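K.L.:
Got a structure for you, questions after.
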Amino acid sequence: MPGSTFFSSWDFTGDPCNFAGVFCSGERVISLNLGDPRAGAPGLSGRLDPAIGKLTQLAELTVVPGRIMGQLPATLSELKSLRFLAISRNFISGEIPATLNQLTELRTLDLSYNQLSGSIPWGVGSLTALTNVVLCHNHLNGSLPYFASQVLTRLDLKHNSLSGLIQPGSLPSSLQYLSLSWNQFEGPVEYVLPQLTRLNYLDLSLNRFTGPIPSCVFSFPITNLQLERNMFTGPVQPFNEVSIPTVDLSHNMLYGEVSALFSTVENLYLNNNRFTGAVPTSLMDRLMAGNVQLLYLQHNFLTGVPINPMAAIPLSTSLCLQYNCMVPPVQTPCPLEAGSQKTRPTSQCMQWKG
């Protein structure tokens, strides 16, 4: 692209093993890192030539963010030694070649932030050496393949149009990072998540998941639990005190009473559900002590908040209580989307009994 001097060192009267981004072992090219990797440097444009398939000893192929267009060449399947394939933040289009299933050594597949369409080939899921699959921010559709790799630790598929059920057993227990947000997945996860006990990041937000939230997820060693904007139902019942700093269960169809085991959460989003009863005293006590930084309870069916109307909410704390089956005992600033109505209509509170 204009401003890039990456290819200035590519003097074909000399040894290609001395070109920028080219690394050799003996006289064979084993690594291609195309483009200036420094932040803000202009990327490359053009297309990937099918002749790349002739570099049969290639173990690593990366392309920096730029304007590479066109489809991934099917000849990539000839790179039988390829372990690392990363071509993100370009304009790659078309489908992911099904023949990538021949890359049995592949460990990392990163094709994120492109314009890929079609489904994720089931053959990609069959690769047993995969540790990282990053296909987020594309236009992929279809269902989630079965991932056979028992060393897969990162699966990032957010911002696509993937759909269907997540079948039990389709995700390996080795996963530590799972992001499926901004898709159209549906159905229950109560038989999927209990197997993923090594997760330290979980984001299933903005899908159509249904059924209960399994209690075990609240014991996962994660810092941020994002399950908002789905269609989860049922009561929410952690096994123990929740030590996850941020828990977002907003915009679902959860009901029952708010568990006192959430009192140890720093940022708790329970708004836009169907919770009933009174807010636990322990939760409000920790909020007044400044240990809870954010508590969103708006748009539920709650009937009581154990707080002194004259009490001073800590300045560092965000609390929203409006549009419940009670007059909020304290007036606090709420987000704009909470609306202006302070109390839910009595007729709704009579109809909804949890």
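K.L.:
Using beta carbons and a limit of 8 Å, which pairs, at least six apart or on different chains, have the first residue in the stretch 113-124 and touching a residue at least 24 places away in the same chain (Cβ under 8 Å) and small (Gly, Ala, Ser) and the second one open to solvent by 40 Å² or more (accessible area, probe 1.4 Å) and in a loop (DSSP other than H, G, I, E, B)?
P.N.:
Ser119/Ser143
K.L.:
Applying the selection to the stretch 9-22, what residues are touching a residue at least 12 places away in the same chain (Cβ under 8 Å) and either open to solvent by 50 Å² or more (accessible area, probe 1.4 Å) or small (Gly, Ala, Ser) (or both)? Working first, answer last.
P.N.:
Of the stretch 9-22, the ones touching a residue at least 12 places away in the same chain (Cβ under 8 Å) are 16-17, 20-21.
Of everything in the stretch 9-22, those that are touching a residue at least 12 places away in the same chain (Cβ under 8 Å) and either open to solvent by 50 Å² or more (accessible area, probe 1.4 Å) or small (Gly, Ala, Ser) (or both) turn out to be Pro16, Ala20, Gly21.
K.L.:
Quick check on the stretch 299-315. Is at least one of its residues of a type outside the set (A, V, I, L, M) and at positive phi?
P.N.:
Of the residues in the stretch 299-315, the ones of a type outside the set (A, V, I, L, M) are 299-301, 303-304, 306, 308-309, 314.
So of that shortlist, the ones also at positive phi come out as 299.
Yes, the stretch 299-315 contains a residue that is of a type outside the set (A, V, I, L, M) and at positive phi.
K.L.:
Could I ask something else about it? Go through the stretch 21-34 and give me each residue that's out of contact with any Leu (no Cβ under 9 Å at 6 or more places or on another chain) and outside any strand (DSSP E or B).
P.N.:
Step one: list which residues in the stretch 21-34 are out of contact with any Leu (no Cβ under 9 Å at 6 or more places or on another chain), which gives 24-27.
Matches in the stretch 21-34: Gly26, Glu27.
K.L.:
In this structure, does Gln331 turn out to be open to solvent by less than 30 Å² (accessible area, probe 1.4 Å) and part of a loop (DSSP other than H, G, I, E, B)? Outline the logic, then answer.
P.N.:
Working: open to solvent by less than 30 Å² (accessible area, probe 1.4 Å): no; part of a loop (DSSP other than H, G, I, E, B): yes.
In short, no.
K.L.:
Taking the stretch 114-136 as the region of interest, how many residues are assigned to a loop (DSSP other than H, G, I, E, B) and touching a strand residue (DSSP E or B) at 6+ places or on another chain (Cβ under 9 Å)? Full working, then the answer.
P.N.:
Let us first name the residues in the stretch 114-136 that are assigned to a loop (DSSP other than H, G, I, E, B), namely 114, 119-121, 126-131, 135-136.
So of that shortlist, the ones also touching a strand residue (DSSP E or B) at 6+ places or on another chain (Cβ under 9 Å) come out as 114, 119-121, 127, 130-131, 135-136.
Residues that pass the stated criteria total 9.
Results for (1) farther than 19 Å from Gly234 by Cβ; (2) touching a residue at least 40 places away in the same chain (Cβ under 8 Å); (3) touching a helix residue (DSSP H, G or I) at 6+ places or on another chain (Cβ under 7 Å), shown as yes or no for each residue.
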| site | (1), (2), (3) |
| --- | --- |
| Asn300 | no, no, no |
| Leu315 | yes, no, no |
| Thr332 | yes, no, no |
| Ala338 | yes, yes, no |
| Gln341 | yes, no, no |
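K.L.:
Can you tell me which residue among Ile213, Ile244 is surrounded by 19 or more Cβ atoms within 10 Å (Cβ to Cβ), at pLDDT 95 or above, touching a Ser or Thr at 6+ places or on another chain (Cβ under 8 Å) and more than 22 Å from Ala338 (Cα to Cα)? Step through it out loud before you land on a result.
P.N.:
On the way: Ile213 fails: touching a Ser or Thr at 6+ places or on another chain (Cβ under 8 Å).
Answer to the selection: Ile244.
K.L.:
Give Leu204, Leu196 a once-over and let me know the one that is over 19 Å from Thr131 (Cβ atoms) and crowded, with 16+ Cβ neighbours inside 10 Å. Give the steps one after another, and end with the answer.
P.N.:
Details: Leu196 fails: over 19 Å from Thr131 (Cβ atoms).
Exactly one residue qualifies, and that residue is Leu204.
K.L.:
Condition first: over 26 Å from Gln331 (Cβ atoms) and of a type in the set (A, V, I, L, M, F, W, C). Can you find one or more residues in the stretch 256-269 that meet it?
P.N.:
Yes, there is a match, as at least one residue in the stretch 256-269 is over 26 Å from Gln331 (Cβ atoms) and of a type in the set (A, V, I, L, M, F, W, C).
K.L.:
Could you list, ordered by first residue, the pairs with Cβ atoms under 8 Å in which the first is in the stretch 179-195 and acidic (Asp, Glu) and the second is open to solvent by 60 Å² or more (accessible area, probe 1.4 Å), at least 6 apart or interchain?
P.N.:
Glu186/Leu165; Glu186/Arg208
K.L.:
Would a scan of the stretch 306-313 turn up a residue that is outside any helix (DSSP H, G or I), in contact with a Leu (Cβ under 8 Å, 6 or more places away or on another chain) and modelled with pLDDT under 95?
P.N.:
If we filter the stretch 306-313 for residues that are outside any helix (DSSP H, G or I), which is where we start, we get 306-313.
Filter again for in contact with a Leu (Cβ under 8 Å, 6 or more places away or on another chain), leaving 313.
Subsequent filtering for residues that are modelled with pLDDT under 95 retains 313.
Looking through the stretch 306-313, at least one residue is outside any helix (DSSP H, G or I), in contact with a Leu (Cβ under 8 Å, 6 or more places away or on another chain) and modelled with pLDDT under 95.
K.L.:
To continue, here is another question. Select, from Leu157, Leu130, the only residue that is hydrophobic (A, V, I, L, M, F, W, C), open to solvent by less than 10 Å² (accessible area, probe 1.4 Å), within 19 Å of the chain's Cα centre (by Cα) and under 19 Å from Trp182 (Cα atoms). Before you say what the answer is, go through the steps one by one.
P.N.:
Details: Leu130 fails: under 19 Å from Trp182 (Cα atoms).
Going through Leu157, Leu130 in turn, just one is hydrophobic (A, V, I, L, M, F, W, C), open to solvent by less than 10 Å² (accessible area, probe 1.4 Å), within 19 Å of the chain's Cα centre (by Cα) and under 19 Å from Trp182 (Cα atoms): Leu157.
K.L.:
Here is a follow-up. Which one is farthest from Gly66 (Cα to Cα) among residues in the stretch 24-47 that are open to solvent by less than 40 Å² (accessible area, probe 1.4 Å) and out of contact with any Ser or Thr (no Cβ under 9 Å at 6 or more places or on another chain)?
P.N.:
Ranking the candidates gives Val29 first.
K.L.:
Right, next: Looking at Val63, is it in contact (Cβ under 8 Å) with a residue 24 or more places away in the chain, more than 21 Å from Ile92 (Cα to Cα), among the β-branched types (Val, Ile, Thr) and buried (at least 18 other Cβ atoms within 10 Å of the Cβ)? First the steps, then the outcome.
P.N.:
Details: in contact (Cβ under 8 Å) with a residue 24 or more places away in the chain: yes; more than 21 Å from Ile92 (Cα to Cα): no; among the β-branched types (Val, Ile, Thr): yes; buried (at least 18 other Cβ atoms within 10 Å of the Cβ): yes.
Taking the combined requirement at face value, the residue does not satisfy it.
K.L.:
Right, here's the next one. Go through (1) touching a His at 6+ places or on another chain (Cβ under 7 Å); (2) within 26 Å of Asn138 (Cα to Cα) and name the single condition Asn271 misses.
P.N.:
(2)
K.L.:
Do the conditions hold for Leu294, that is, is it more than 23 Å from the chain's Cα centre (by Cα) and surrounded by 15 or more Cβ atoms within 10 Å (Cβ to Cβ)?
P.N.:
Details: more than 23 Å from the chain's Cα centre (by Cα): no; surrounded by 15 or more Cβ atoms within 10 Å (Cβ to Cβ): yes.
No, not satisfied.
K.L.:
List pairs: first residue in the stretch 281-296 and closer than 24 Å to Tyr323 by Cβ and modelled with pLDDT of 95 or more, second residue open to solvent by 40 Å² or more (accessible area, probe 1.4 Å) and not in a helix (DSSP H, G or I) anywhere in the structure, Cβ distance under 6 angstrom, at least six positions apart or on different chains.
P.N.:
Taking only residues 6 or more apart or on different chains, the pairs are Thr281/Pro306; Met284/Pro306; Gln293/Glu266; Leu294/Ser318; Tyr296/Tyr269.
K.L.:
Of the numbered conditions (1) closer than 21 Å to Gly290 by Cβ; (2) surrounded by fewer than 19 Cβ atoms within 10 Å (Cβ to Cβ), Ser263 satisfies every one except a single condition; which is it?
P.N.:
Unmet for Ser263, out of (1) closer than 21 Å to Gly290 by Cβ; (2) surrounded by fewer than 19 Cβ atoms within 10 Å (Cβ to Cβ): (2).
The values are calculated or read from the model by the stated rules, or taken from the named source; none is laboratory data. Owing to the predicted nature of the structure, the values given are computational and were not obtained by experimental measurement. Heads up, the Cβs are rebuilt from the backbone with ideal geometry, glycines too, and the neighbour counts pull from every protein chain shown. Each accessible area value is taken on the protein alone, full model and side chains, heavy atoms only, with ligands, DNA and RNA left out. Shrake-Rupley method; radii C 1.70, N 1.55, O 1.52, S 1.80 Å.
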